[in-house]
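Note sheet for the following structure.
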Amino acid sequence: MSTKKMWGGRFAGVTSGIVERYTASVDFDWRLYAEDIRGSIAHARMLARQGVISAEEASAIAGGLEAIGREIEQGAFVWRPELEDVHMNIESRLSELIGEAGKKLHTGRSRNDQVALGFRLYVAGRLEGWRAGLKRLAAAFTARAGENAQALLPGYTHMQPAQPVSLAHHLLAYAWMFKRDFERIGDCLTRVKVSPLGAAALAGTTYPLDPASVAAEVGFPEIFKNSLDAVSDRDFVVEALSCGALVMAHLSRFCEEIALWANPNFGYLRLPDGFATGSSIMPQKKNPDVAELMRGKTGRVYGALTALLTTIKGLPLSYNRDLQEDKEPFMDAEAAVADSIEIMAAMVAALTFLPERMRQALRAGFLNATELADYLAAKGLPFREAHHAAGAAVALAESKGCGLEDLGIEELRALSPLIQDDVYAVLSYEACVARRTTPGGTSPESVMAQIAELQEWTGA
Ligand code: ARG
């Protein structure tokens, strides 16, 4: 139970402690303080330009809000849960600091359009942060690709060894995913950066507001078209979370590969000590916990997306208090996405790749079998028969415990008389990779072209 509410004019009864705690959001939405202050200063200046309040009042408001921003940053601000949210905490302190003028700030505005603007500014800022991180992340993958242009490893389909690819090509696949994420978030931002201020509670207002000038002041290129939509739309958060979900999906795929490749049965990489942990009982263990946790946090981000989609489902127009539930999922997911991007950039830079083990896997998996079939087909054998003869060569090599390239010429010619000495050049893994010269293939030229294009984009 507590003090008189800022909205309490018509209320005689009081709220119980548990209801106050249940409805308050300041425990988490205090994080919007900088955006709330920015939006309020823009609103006050616009009110003055429109002659609704005086220029002196607007500058007193701006000065007071800036002082509050400093109090918050210095940890001197006292957050009061009975004031519900960040908006009323700040507004109440403003009146304490500057008196009458502070009470005019909320003219022509509702918390409904106020929170929508504050949260849009907050989400936009976080998405810009993701984008900067994604560029660094793509640059880190591209740099590792450049260093590992010679290393070859099995490419997989169905998780079975399929054809040789270069390690660079494999790493670049991720760089392109992160570039798409970057672009997707940029597209999403065009819909986040739409100012809802001026929608007021739901219907617009009788004050002569100029919403476009508020938008310009906070750096948003657009304003709302419909006041009902403006106060109730949370599509922008859903879109932001779905962008984050895809970032995590991409990261978690590489996390899975890190865990597999670090397994001694693969042995394609050594985990840096800083990104691994030991076991309390098994002394030999080096576990890829960081990659595993990142894979695990992907579920959290998907959960946030699902939570918000579920919250908005079936909500009648316009603002409903349910919408307060948009912030915690976003804030929780946002931290997971931002941290994961940063940590992966550092982790990929620190991985030790082991090309020798990759090469052993190429031999053991007969990754040049397609080459042998193509070779025979090129010599005139129908592809089906060529496939069959190459399959017989695989069976022979398997029984001898060697690679196709280790079979003697007579052994090979017994399978098909079309085979000649020139077959060994074709069976070389370097040749397999070099011959895949189609655009976007694994050949060195294609890989170099990819690296050049990505470097130009990342500027790294
Ligand atoms: N804390 C609220 C939210 O996050 C602010 C808007 C409340 N508006 C209202 N009329 N109760 O959604």
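The table below lists the values:
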item: Protection proxy ranking, peptides 107-117, 245-255, average beta carbon neighbours within 10 Å, highest first; result: 107-117, 245-255
item: Potential lengthening between ALA67 and GLU256 on full extension [0.36 nm per residue; Cα-Cα distance subtracted]; result: 63.2 nm
item: Computed Rg/Rh of the stretch 225-289, alpha carbon atoms with Kirkwood Rh; result: 1.36
item: Distance in nm between pseudo-label sites at SER54 and ALA173 (7 Å out along the Cβ direction from Cα); result: 6.9 nm
item: Where the Cα pairs of the chain fall when distances are cut into 10 Å bins, in %; result: 4, 16, 21, 18, 14, 11, 8, 5, 3, 1, 0
item: In sequence order, calculated HN-Hα J values of the stretch 417-425 (Karplus, 6.51, -1.76, 1.60; Hz; x Gly/Pro); result: x, 6, 6, 10, 4, 5, 5, 5, 5
item: Sequence ranges 169-182, 374-387, ranked by mean other-Cβ count within 10 angstrom, highest first; result: 169-182, 374-387
item: Calculated P(r) of the stretch 191-328 - Cα pairs past 23 Å, %; result: 55 percent
item: Added length on full extension, which subtracts the Cα-Cα distance from 0.36 nm per residue, GLU183 to GLU456; result: 96.8 nm
item: FRET efficiency for ASN265 and ALA425, using Cβ-Cβ distance with R0 set to 45 Å, rounded to 0.05; result: 0.90
item: Ellipticity estimate at 222 nm from DSSP helix runs (n ≥ 4, -39,500 (n - 2.57)) divided over the chain, nearest 500; result: -20000 deg cm²/dmol
item: Sites THR205 and ASP289, calculated FRET efficiency, Cβ-Cβ separation with R0 60 Å, nearest 0.05; result: 0.65
item: Length gained when the stretch ARG357-ARG384 is fully extended (0.36 nm per residue, less Cα-Cα span); result: 6.5 nm
item: Sorted peptide list for 46-59, 321-334, 398-411, criterion being average Cβ within 10 angstrom, highest first; result: 321-334, 46-59, 398-411
item: Cβ charges +1 (Lys, Arg) and -1 (Asp, Glu), total dipole of the chain, debye; result: 560 debye
item: Efficiency of FRET from Cβ geometry, THR190 and TRP7, R₀ 30 Å, rounded to 0.05; result: 0.30
item: Largest-first principal axis extents of the Cα set of the stretch 1-111 (Å); result: 42, 34, 19
item: Dipole of the stretch 72-210, positive direction: furthest Cα of THR206, GLY102, HIS170, with charges on the beta-carbon; result: HIS170
item: Share of Cα-Cα pairs in the stretch 328-460 lying beyond 23 Å, as whole percent; result: 53 percent
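Only the coordinates and a few stated rules stand behind these numbers; no lab work does. The structure presented is a predicted model; accordingly, all values stated were derived computationally and were not measured. Every residue, glycine among them, receives a Cβ derived from its backbone with ideal geometry; neighbour counts consider all protein chains shown.
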